[in-house]
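We did not get these values from a lab; they are worked out from the coordinates using the rules stated. Since the structure is predicted, the reported quantities are computational estimates derived from the model, not experimental observations. Cβ atoms come from the backbone with ideal geometry, glycine included; neighbour counts cover every protein chain shown.
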Amino acid sequence: MTLLVGLAIGLATPASAQTGDTSGTDWEQTLREAQGQTVYWNAWAGDQRTNAFIQWVGEQTEARFDVAIRHVKLSDTAEAVTRVVTEKAAGRDENGSVDLLWINGPNFLSMKEQDLLHGPFVRDLPNSRYLDLSRGSANTTDFTVPTEGLESPWRLARFVFNYDTARVDNPPRTMPALLEWAQANPGRFTHPHPDNFMGATFLKQALIELTPDPAVLQEPVENADFASATAPLWDWYDAIQPHLWRGGETYPSNESEQQRLVNDGAVDIGLSFDPASTAAAIKQGLLPPTARVLIPAAGSIGNVSFVAIPYNARHTAGARVVANFLISPRAQARMQNIEVLGAFSVLDFERLSDSQRARFEALPDAPALPTREALGKTLPEPHPSWMTRLIETWAQRYTR
Amino acid sequence: MKNVRRTGLRALIIAVLIGPVLLGVAQTLSAAFGWLPALGERTIGLAPWRTLLDQPGLATSVQLTLWTGISATVIGFALAFGLVASLHGRAMGRSLMPWLAPFLAAPHAAIAIGLAFVLAPSGWLLRLLAAPLDLTHPPAWALVGDPLGIGLILGLLVKEVPFLALIMTASLSHLPVRRWLIQARSLGYTPAATWLRVVLPMMWPQIRLPTLIVLSYALSNVDMALILGPANPPVLAVTVLRAYTAPELSSLLTAGAGAALQAIGVLITFAGVWAFERLIGVIGRTRLRRGRRGRLSGVALGLAQALNPILLGMASAAIAALAVWSVTWRWSWPKPLPEQLSMAAWQQPGDSWIGPLGHSLLFAGVTTALALMLAIAWLETEQRRGASLLAGILYLPLLLPQIGFLPGLQFGFLQLGIGPGLLAVGWAHLLFVFPYVLLVLVGPWRGYDPLLSRQAASLGAGPLRRLFRVKLPVLLAPVLAAGAIGVAVSIAQYLPTLIMGGGRINTLTTEAVSLASGADRRITAVYAILQMLIPVAAYGIAIIAPMLRGRRHRLLREPRYATGD
């Protein structure tokens with residue numbers, strides 16, 4: 001028995017040592033291959049600060065690893081997914097046009113189900129040692145779907161509202177309170193069109209708050225009784241819709257447009273998937289200095305944004321180098337800096353050295369920036385199939 | 001031998017310009033009926049159509065499309081006709097071009113963005129009216145994104161009226177309008193009645209094609225509809241684009257069916273135009289025989305004339321709004337003017353406009369040069385007769401809705417090994433630049449006095465020398481005008497750049513449209529202004545250069561057409 005275990009250990013140790021070694025040399029190999037590559041990073045470009053951060057990442061990877069980044073600006077991530085789908089359809093299984101993709105949720109599920117992703121690769125990235133990659137952690141679960149190492153995290157997103165304190169005194173912090181507020185202030189609230197992910201997120205937040213048993217949302221929608229789970233949501237929505245901006249006849253196309261409405265005073269409450277966006281917008285002159293973040297009382301939906309590499313990417317090595325740099329403590333600390341981007345880091349601070357942690361502790365503050373503690377409880381995203389069904393049902397009910 | 005070469009050249013031009021359209025149409029149609037073998041879709045049937053028709057709001061989308069497209073074309077035609085009739089024979093009429101040039105040159109997206117800045121509930125117009133009307137909040141109604149599509153119709157009008165007015169002015173130069181007016185007056189007809197009953201029917205055959213192009217565009221444009229049109233549901237072309245970019249595979253088939261539906265809609269309205277033309281012919285003749293002198297014509301024409309200044313005033317305000325926003329730092333509602341000015345939007349470090357500007361200039365320059373070369377080659381090899389049907393096919397890219405064949409074309413190009421990139425985008429631009437360039441050059445080429453070339457030949461000049469030393473210098477003004485229009489068309493292309501570039505090619509236009517739905521009016525304004533400056537500069541050159549040269553070479557001026565004026 002002991003012999004057997006000893007034998008097993010004896011066999012296992014050199015093997016794992018070997019994989020450790022090869023992963024080291026593999027990484028050097030990756031770095032060598034990546035030299036001189038230009039990574040076409042397809043990323044949603046609706047936020048100027050994110051665009052500027054991506055540009056900084058490109059400058060860094062070019063200087064450090066000789067890997068340039070070309071930011072392919074998307075107005076909807078689905079555009080890039082379609083492109084990979086089309087390329088596969090046309091038989092272009094190599095030299096694809098997308099190298100790296102900012103992705104999550106239904107787009108990830110769609111690509112994963114169609115085998116359109118390269119990997120698993122996350123554990124090969126040296127900087128993945130700073131991540132909590134345990135099963136079921138936020139970094140390995142994307143809208144309840146296991147990521148299986150096919151996408152690497154880079155930033156945290158949290159749903160929040162914002163409002164102008166100069167105009168609104170007692171902003172509502174629950175969905176029933178929002179209904180009462182909208183009835184008292186008709187035309188002063190709206191949400192982006194649910195075709196847009198921000199509008200869909202608003203519906204999901206309302207669903208989680210209103211549904212009798214939120215646990216069913218973690219399962220695919222086919223396993224649940226959709227009608228009874230969503231009945232309270234539609235009752236609530238029927239009541240609030242006539243009091244929305246322009247009577248719910250039209251909706252802003254995304255959160256940026258809604259932010260413009262808040263800035264213009266056309267509506268009083270905006271929403272965002274980035275708690276730092278209010279502080280950032282004030283700095284850019286796009287919201288009044290009196291604007292503040294409003295956090296739902298029962299917590300809000302949060303998720304992790306990932307990057308993935310399509311199966312036919314032309315510059316796979318370069319894309320891995322960029323994904324690895326994105327989770328370096330240096331890049332993450334810069335990303336969390338409110339003067340740069342203000343997006344919360346995905347790193348596990350327990351795994352950082354003192355000097356690495358100090359980078360984060362030294363970051364500046366801004367009056368409109370909520371602390372991590374103030375953000376309260378993170379509510380898990382429902383399974384992606386709920387989002388699809390919600391959007392469809394909303395369109396059937398409210399599109400004439 | 002010479003004939004063989006000529007036929008070969010013409011066949012090549014058709015293959016380069018029409019081949020892709022047919023390829024795109026074929027791919028789109030096969031997708032519409034479920035045939036996309038590469039995606040594993042091999043069930044031929046009506047399933048994509050069923051999915052399309054089951055989409056909520058589809059009926060509203062189709063109605064909206066027809067309503068906005070048809071009313072924009074009808075009103076635009078009436079306003080342009082009113083403008084041309086009212087300015088005819090006056091000094092201002094002769095210099096109409098410089099006045100209309102900025103609106104003609106401005107890309108659709110820039111005009112749409114500017115109009116949205118003026119007409120939105122929190123736009124400039126209501127900022128100016130907020131104090132007198134005592135408004136505390138922007139009102140809840142709007143002309144932008146309104147369910148009736150009024151904003152979209154206004155935007156289309158701003159672009160269509162100058163285009164149609166220009167085309168009508170050009171066609172008038174072939175007609176003895178003044179003589180008709182005098183003769184009709186002596187018979188007791190008012191000038192307005194003469195314009196409607198004599199000039200319009202005579203002019204129609206020459207402006208039918210441009211009118212159909214305008215109609216097709218109005219029914220199927222995407223960029224203006226994204227910025228000014230209603231959102232829930234949008235017009236059909238936007239619905240199709242959304243289906244095309246949705247992540248599910250099957251929605252590519254739905255998009256194919258939608259694109260086919262869009263094309264069918266356009267063809268049905270064309271048939272409507274044809275039927276209407278016949279009907280007017282019959283009714284018109286009986287009414288003429290009754291001999292009424294048509295006092296109402298004056299009212300109708302007068303109304304059209306009265307609306308033109310309002311439309312052009314609005315368009316000027318839109319352009320002014322772009323300029324002001326591009327140098328604004330903070331301008332909160334309801335201040336009539338910005339509180340703080342700044343050049344920050346022009347100097348943003350991260351997201352520079354230099355790259356998109358370079359792409360825009362590259363496409364405009366290369367495709368315009370190529371289009372001019374091909375169009376001149378086409379016209380020079382033209383046989384005297386029998387070429388009209390063939391020539392008609394060259395306008396196919398303008399008559400078919402873009403969304404009807406571009407998605408299929410991207411797929412077809414991929415299978416031919418042409419990935420999304422500069423080549424695919426440039427080629428797609430050429431499909432639209434070429435027919436406009438040809439449209440401008442056809443008239444002057446036919447009006448050219450062949451005696452000049454014959455004289456040069458008798459002095460021993462070969463064909464190329466005759467072309468470059470005699471014909472092109474004589475026709476410099478129309479060639480420059482065609483070039484300016486080519487530049488404007490290329491700069492304005494949104495859908496071809498988006499779809500054929502696979503999103504990797506950013507031009508000023510794609511950036512402006514995607515920024516238009518963002519939070520920052522200031523940066524959007526910068527892109528819209530840049531987008532407008534290039535074609536305006538090209539128009540400026542086209543207008544000024546022949547004037548300067550005209551002073552030096554009075555003898556080599558373009559011969560005037562038989563105008564009768």
Subject >> chain B: radius of gyration and largest Cα-Cα distance (Dmax), Å >> reply: 24.5, 79
**OP:** First select every other residue whose beta carbon is under 10 angstrom from the beta carbon of residue B:504; then total the charges, Lys and Arg +1, Asp and Glu -1.
**Re:** +3
Original post:
Label 7 Å along Cα→Cβ of residue A:290; segment A:128-172 residues with amide nitrogen under 17 Å?
Top reply: A:162-172
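Is segment A:283-400 best put as rounded, prolate or oblate by its Cα gyration tensor, with a ≥ b ≥ c the root eigenvalues, rounded for a/c under 1.5, and otherwise prolate when a/b is larger than b/c, oblate when not?
Note, shape of segment A:283-400 comes out oblate.
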Original post:
Cα centroids of segment B:201-268 and segment A:232-279: how far apart, whole angstrom?
Top reply: 29
Original post:
Could you state the number of Å between the C-alpha centres of segment B:436-476 and segment A:316-343?
Top reply: 62
Original post:
If you build a Gaussian network model of chain A, linking Cα atoms that sit under 10 Å apart, which residue out of A:90, A:239, A:215 swings the most?
Top reply: A:90
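How would you classify segment B:49-316 from its alpha-carbon gyration tensor, with a ≥ b ≥ c the square roots of the eigenvalues: rounded for a/c under 1.5, else prolate if a/b is greater than b/c, otherwise oblate? Don't skip to the answer; put the middle values down first.
Details: a/c = 2.27, a/b = 1.43, b/c = 1.59.
Oblate shape, in that a/c is at least 1.5 and b/c is the bigger or equal ratio.
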Original post:
Going toward the positive end of the dipole of the protein assembly as shown, with +1 on Lys and Arg Cβ and -1 on Asp and Glu Cβ, which of A:271, A:98, B:7 do you reach last?
Top reply: B:7
Original post:
Once both axes come from the Cα atoms, what is the angle between helix A:2-34 and the longest principal axis of chain A, in degrees from 0 to 90, rounded to 10?
Top reply: 70
**OP:** Calculate the mean, over all residues of peptide A:256-266, of how many other protein chain Cβ atoms lie within 10 angstrom of the residue's Cβ.
**Re:** 6
**OP:** Filter the DSSP H helices in chain B by two things, a Kyte-Doolittle mean of at least 1.0 and an axial alpha-carbon span of 27 angstrom or more, and list the hits by number.
**Re:** B:2-32, B:58-87, B:150-172, B:296-326, B:354-380, B:422-447
**OP:** Could you tell me how many degrees, from 0 to 90 and to the nearest 10, lie between the Cα long axis of helix A:384-398 and the main elongation axis, the longest principal axis, of the Cα atoms of chain A?
**Re:** 30
Original post:
Remind me, relative contact order of segment B:128-252 in percent, using alpha carbon pairs under 8 angstrom and six or more residues apart?
Top reply: 32
**OP:** With only Lys, Arg, Asp and Glu charged, each at its Cβ (+1 for the first two, -1 for the last two), find how big the charge dipole of segment A:47-126 is about the Cα centre; round to the nearest 20 debye.
**Re:** 140
Subject >> residue A:361-residue B:274 pseudo-label distance in nm [points 7 Å out on the Cα-to-Cβ vector] >> reply: 8.1
Original post:
Around residue A:244, which amide H atoms from residues at least 5 apart in sequence, or from another chain, sit under 5 Å from its own amide H, with H modelled in the peptide plane?
Top reply: A:187
Subject >> Local net charge near residue B:457, Cβ-Cβ under 11 Å (Lys/Arg +1, Asp/Glu -1) >> reply: +3
Subject >> Alpha carbon centroid spacing (whole Å) that separates segment A:87-129 from segment B:295-333 >> reply: 49
Subject >> Cα→Cβ-extended label distance, 7 Å offset, between residue B:347 and residue B:393, nm >> reply: 5.7
Original post:
Put +1 on the Cβ of every Lys and Arg and -1 on every Asp and Glu Cβ in segment B:49-316; which of B:139, B:129, B:88 then has its Cα farthest towards the positive end of the dipole?
Top reply: B:88
Subject >> Of A:192, B:25, B:300, farthest towards positive along the dipole that unit charges on Lys, Arg, Asp, Glu beta carbons give the protein assembly as shown >> reply: B:300
Subject >> Percent RCO, i.e. relative contact order, over chain B, from Cα pairs under 8 Å lying at least 6 residues apart >> reply: 24
Subject >> Total charge dipole magnitude, segment B:49-316, about the Cα centre, Cβ charges on Lys, Arg, Asp, Glu only, Debye to nearest 20 >> reply: 1740
**OP:** Please work out how many pairs of lysine residues in the protein assembly as shown are eight or more positions apart (or on different chains) and have Cα atoms closer than 27 angstrom.
**Re:** 9
Subject >> Rg(Cα)/(2.2 N^0.38 Å) for segment B:206-258, N = residue count >> reply: 1.36
Original post:
Relative contact order for chain A using alpha-carbon pairs under 8 Å, separation at least 6, rounded to a whole percent?
Top reply: 26
Original post:
Roughly how tilted is helix A:316-326, in degrees to the nearest 10 and between 0 and 90, from the longest Cα axis of chain A?
Top reply: 60
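Provide the FRET efficiency to the nearest 0.05 for the residue B:128-residue A:33 pair, computing r from the beta carbons and using R0 = 60 Å.
Result of the calculation: an efficiency of 0.50.
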Subject >> Electrostatic dipole magnitude of chain B [Cβ: Lys, Arg +1; Asp, Glu -1; Cα centre; debye, to 20] >> reply: 2960
**OP:** Averaged over every viewing direction, what's the projected area of the C-alpha convex hull for the protein assembly as shown? Give it in nm², one decimal, please.
**Re:** 47.7
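How charged is the neighbourhood of residue A:89? Take every other residue with its Cβ under 12 Å from the Cβ of residue A:89, and add Lys/Arg as +1 and Asp/Glu as -1.
0
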